[in-house]
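Right, one structure below, let's go through it.
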Amino acid sequence: MRFLVRMLYAAAAKLAGVASGVIPPSEEKWVIAVRARHGIRHRYATWAAAHRDGTRPLLWMHAPSVGEGLMARPVVSLIRARQPDIQLAYTFFSPSAEEFSRTIDVDFRDYLPFDSAGDMGAALDALTPRALVFSKVDVWPELVRQAHRRGVRLGMISAALAPHSRRLGTVARLLLRDAYALLDAVGAVDEATAERLTDLGVRQEVVEITGDTRFDQVWQRAASADRCSGVVGRLASDRATLIAGSTWPADERPLLDAITRVRRRIPALRVILAPHEVSPQHLEPIVSWAQHQQYTLARVDEQEAARTDVVLVDRYGVLGDLYALADVAFVGGGFHDAGLHSVLEPAAFGAPVLFGPRHRNSRDAALLLAANGARAVASAADIEGAMVEWIEKPDERRAAGARARAVVERGRGAAERSVQLVERLLA
């Protein structure tokens, strides 16, 4: 059974690589992801020929998407500051992380190749890393096997694995167990995750509790946010503001219904909506809803955006700063199968948080709920009730936001512990 799973996986990786050169352009996220791999061996090799200094060790950090990138960024920043002689490479999987990757100070950044023997071998030949570190929990079996054979030290930071994660299923275990067993150092966010990781194949002696570096990342971002200039300064307003971030259509159906109801009671309510995907197919229904309700709407970079009822964020990379404007935050994914997105970002700004019912795999959501800094909502009526209560009762809203912020503050310190783990791999 294991052999069959691996054969199918290898075939899929090769097929995806072939598709990258023939699939036609599209705004669909999965198409962008596939096409981005076209010519990837050449890009890696070209950078290596021009910039790879064989006398300097290289740390390769992989973070699949923006959430994992938020975990990786404080560690990369500290490594850069403490060991400037080390070259840094940063890879990602999702197109949503491409713009985010430009905010990280590294020598090389690009998509991770598909996990085929040829592509991963070429990537390792080009980068010649001393250590390869994964952010959160994803590992790539072919990459791990080849890196281990070459003597590359393998690590993982901010490792988080929910009790109902699909990685604990039979197929994932067959595919990933050997790769997890090859890791040399793993920093888990808590004891429960450490136990699940060892059950998945990670050797018990290489696991330690380091915490979640995103707490340091979002805390620092909130503390250093410039509220007087840039996109935040342009959108500043005295109006009560709901920031809805990383939403999917499944989230938007109850959310937009709730906003319509709330605005009948609180007409001054302003909504800044940042969908998880910004393709025309995703944005057009939101524009149509606003037009039908006769709300004024502007895109985030349009001059009149500060004065409209609805601001539509049609580009990536700004949501984390926009939470500074939130009186109330709604985080998407809780009505969608993909899972809940980052609830820590608004919490770090002291905004109380709402999210949908599918949050059982989110450790952060559980912490906020336990602290009464967030509420889980299951319907448009639930969203309406929570929004009205928090907007009309500012003392209760501020108290909930302070409790959410305290959760983030208590989680700080993981970045330093994670850096120490990475430095041991590099030694």
Quick one: count up the residues across region 153-175 that are buried (at least 22 other Cβ atoms within 10 Å of the Cβ) and either under 23 Å from Gly118 (Cα atoms) or without any contact (Cβ under 8 Å) to a residue 60 or more places away in the chain (or both).
5
Residues of region 298-330 being over 13 Å from the mean Cα position of the chain (by Cα), of a type outside the set (Asp, Glu) and open to solvent by 50 Å² or more (accessible area, probe 1.4 Å), which ones?
Arg299, Gln303, Arg307, Arg315
Output the qualifying pairs, or none if there are none: Cβ atoms under 7 angstrom, residues six or more apart or on different chains, first residue in region 264-291 and at pLDDT below 95, second residue among the basic types (Lys, Arg) and open to solvent by 30 Å² or more (accessible area, probe 1.4 Å).
Glu277/Lys29; Val278/Arg315
Would you check if Ala81 is hydrophobic (A, V, I, L, M, F, W, C) and either open to solvent by less than 10 Å² (accessible area, probe 1.4 Å) or under 30 Å from Gly332 (Cβ atoms) (or both)?
no
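Within region 343-354, count every residue that is surrounded by 24 or more Cβ atoms within 10 Å (Cβ to Cβ) and touching a Lys or Arg at 6+ places or on another chain (Cβ under 8 Å).
8
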Output the residues belonging to region 331-340 that are in contact with a Pro (Cβ under 9 Å, 6 or more places away or on another chain) and either closer than 18 Å to Ala225 by Cα or surrounded by 24 or more Cβ atoms within 10 Å (Cβ to Cβ) (or both).
Val331, Gly332, Gly334
Between residues in region 24-44 that are closer than 23 Å to Asp125 by Cα and residues that are of a type in the set (D, E, K, R), which pairs lie under 8 Å by C-beta distance while being six or more apart or on different chains?
Ala36/Glu98; Arg37/Asp119; Ile40/Asp110; Ile40/Asp119; Arg41/Asp119; Arg43/Asp110; Tyr44/Asp110
Criterion (of a type outside the set (A, V, I, L, M, F, W, C), within 25 Å of Leu70 (Cα to Cα) and touching a Leu at 6+ places or on another chain (Cβ under 6 Å)) met by exactly one of Gly356, Gly333, Gly317
Gly333
Here are the criteria: (1) surrounded by fewer than 18 Cβ atoms within 10 Å (Cβ to Cβ); (2) outside any helix (DSSP H, G or I). Tell me which single one Leu283 does not satisfy.
(2)
Can you tell me which residue is modelled with the lowest pLDDT among those in region 42-74 that are under 15 Å from the mean Cα position of the chain (by Cα) and either under 15 Å from Pro113 (Cα atoms) or β-branched (Val, Ile, Thr) (or both)?
Val66
Looking only at region 49-76, count every residue that is open to solvent by less than 20 Å² (accessible area, probe 1.4 Å) and either small (Gly, Ala, Ser) or not in a helix (DSSP H, G or I) (or both) and tell me the total.
9
What is the one condition in (1) closer than 23 Å to Leu197 by Cα; (2) part of a loop (DSSP other than H, G, I, E, B) that Val106 does not satisfy?
(1)
Working carefully through the options Pro275, Pro254, Pro267, find the one that is of a type outside the set (D, E, K, R), within 22 Å of Val388 (Cβ to Cβ), open to solvent by less than 70 Å² (accessible area, probe 1.4 Å) and out of contact with any Asp or Glu (no Cβ under 7 Å at 6 or more places or on another chain).
Pro254
Hits in region 136-152 (condition: within 23 Å of Asp212 (Cα to Cα) and either in a strand (DSSP E or B) or open to solvent by 40 Å² or more (accessible area, probe 1.4 Å) (or both))
Lys136, Trp140
Count, please, the residues in region 197-224 that happen to be in contact with a Pro (Cβ under 8 Å, 6 or more places away or on another chain) and in a helix (DSSP H, G or I).
3
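Given the residues Arg227, Arg239, which is the only one that is part of a loop (DSSP other than H, G, I, E, B), at pLDDT 95 or above and open to solvent by 10 Å² or more (accessible area, probe 1.4 Å)? Give the steps one after another, and end with the answer.
Numbers: Arg227 fails: at pLDDT 95 or above.
Exactly one of Arg227, Arg239 is part of a loop (DSSP other than H, G, I, E, B), at pLDDT 95 or above and open to solvent by 10 Å² or more (accessible area, probe 1.4 Å), namely Arg239.
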Could you check how many residues of region 333-349 are without any contact (Cβ under 8 Å) to a residue 60 or more places away in the chain and under 17 Å from Val407 (Cβ atoms)?
2
Taking region 110-139 on its own, how many of its residues are under 18 Å from the mean Cα position of the chain (by Cα) and within 23 Å of Ala414 (Cβ to Cβ)?
7
Limited to region 377-404, what total is found for residues that are open to solvent by 20 Å² or more (accessible area, probe 1.4 Å), in contact (Cβ under 8 Å) with a residue 60 or more places away in the chain and within 26 Å of the chain's Cα centre (by Cα)?
1
If only one of Asp251, Asp238 is acidic (Asp, Glu), closer than 25 Å to Phe355 by Cα and more than 23 Å from the chain's Cα centre (by Cα), which one is it?
Asp238
Could you list, in sequence order, the residues of region 20-64 that are touching a strand residue (DSSP E or B) at 6+ places or on another chain (Cβ under 6 Å) and aliphatic (A, V, I, L, M)?
Ala36, Leu58, Leu59, Met61, Ala63
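The values are calculated or read from the model by the stated rules, or taken from the named source; none is laboratory data. All values derive from a computational prediction rather than experimental measurement. In this analysis, Cβ positions are derived from the backbone assuming ideal geometry, glycine residues included, and neighbour counts consider all displayed protein chains. Note: accessible area is taken over every heavy atom of the protein model, side chains too, but ligands, DNA and RNA are not part of it. Shrake-Rupley method; radii C 1.70, N 1.55, O 1.52, S 1.80 Å.
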